[in-house]
Structure formats: structure tokens, C-alpha cells
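Okay, so here's the structure we're looking at.
The values are calculated or read from the model by the stated rules, or taken from the named source; none is laboratory data. The structure presented is a predicted model; accordingly, all values stated were derived computationally and were not measured. Quick reminder, even Gly has a Cβ in these numbers, built from the backbone with ideal geometry, and neighbours come from all protein chains shown.
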Amino acid sequence: MKTWISDRSHAVARVLIPLLLLSGTVGCQTDGAHHGGDDEHHILELRAGDVMEIQGWSRTSLVIGGNHVWMAPEIAVDEGMIAEVERTGAEGRSLVVTLDAEGTENLRRLSTAQLSRPIVVVVDDRPSSAPIMMSPLETEFRLTADHLTDEEWDDFVHRLSESTE
């Protein structure tokens, strides 16, 4: 199934993300050591990505067009920058994530810098997907993950919502 992330303020700003939120032993890993800029665990991160090797970046197991995706060490957006998480859609299987001022500015800068290149979505310290940015994103975006069980989805939403309190 697919996951959508879109900016509600721009009708054309829709990007398909297959968000993999699976249990501990399943998921995409980097090919190196710790990939974070700090030792803090994050539920959700957005980072710059590229299909070309960049010194200091981590190679992930994600692939676009036959090339591995490389992930920046810097976290541009994380759950600490989320102002609100709202369940929407059929049976609450979609989230509208609203960022605070810092998150909005960081997402705007990241998505503008990454036009026609991937943004790596990291869930529970695992690179999970790398959508290509087709237009800049801003304050709000939508996440869905129809492939998750109800329990996995509820756990993710609960943890993400708790991080905003």
C-alpha cells in the first residue's frame, strides 16, 4: 500500500511515500554506524537525500532508479517540531501533521532545496522511504499508511501525538 504526504496549502504538492512502520527487526537500515546528528531517538525525522554518494552522508538500503539513496546526517524536521497531529480519513487512517514555526521554516527550506531530489523519511531510526520532492511543502502535510495493521498505526499515532504534548 501507499502513504501520502502532501501540503494542504498547495493542491499540487502531493508526494507518494511508502511509509514502512514495522516492528523492531524489519525495516531499512543504513550501511554504516549511527546515522543521527545526536544520540536522541526520534519517532519521525525528515532529512535531505540524494542518489549520488555524498561524503559524510549514510548509504541507506532504499533504492530509487537502481541507485541507493544517501541520507544527510542532519535532521531537518523531527517530531519535536510538530504542533498538532490530527486523525482524518476513513477510520482515522490518515494524519494531518501541523508543524510549529521552526518546523515550518525547516520543511520549507528542506523541500525547496530538495526539489527533484528525495527527502528521506526516517521512522524509529530507520530510513523508511524517500519521496522525490515535486514542489515545496510548508506547515501541514498528510501521512497515511494503509499497509499497517490497526495496532501498528494506533501505536505510531499515539507516540507521535504524545511527542507534541
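Annotation: of all residues in the stretch 132-163 being of a type in the set (A, V, I, L, M) and part of a loop (DSSP other than H, G, I, E, B), the one that is surrounded by the fewest Cβ atoms within 10 Å (Cβ to Cβ) is 134.
Remark: pairs (first residue in the stretch 151-163, over 10 Å from residue 85 (Cβ atoms) and touching a residue at least 24 places away in the same chain (Cβ under 8 Å); second residue assigned to a helix (DSSP H, G or I) and β-branched (Val, Ile, Thr); Cβ separation under 6 Å; 6+ apart in sequence or on different chains) are absent. Summed over the stretch 78-96, the residues that are of a type outside the set (Asp, Glu), assigned to a strand (DSSP E or B) and free of Cβ contacts under 8 Å to residues at least 60 places away in the same chain give a count of 1.
The residue that is nearest to residue 70 (Cα to Cα), among those in the stretch 123-156 that are modelled with pLDDT of 90 or more and among the aliphatic types (A, V, I, L, M), is 130.
The numbered conditions (1) part of a loop (DSSP other than H, G, I, E, B); (2) modelled with pLDDT under 95; (3) not hydrophobic (A, V, I, L, M, F, W, C) are all true for residue 74 except (2). When the stretch 63-78 is filtered for residues that are closer than 20 Å to residue 41 by Cβ and surrounded by 19 or more Cβ atoms within 10 Å (Cβ to Cβ), the ones remaining, listed by number, are 71, 72, 75, 76, 77, 78.
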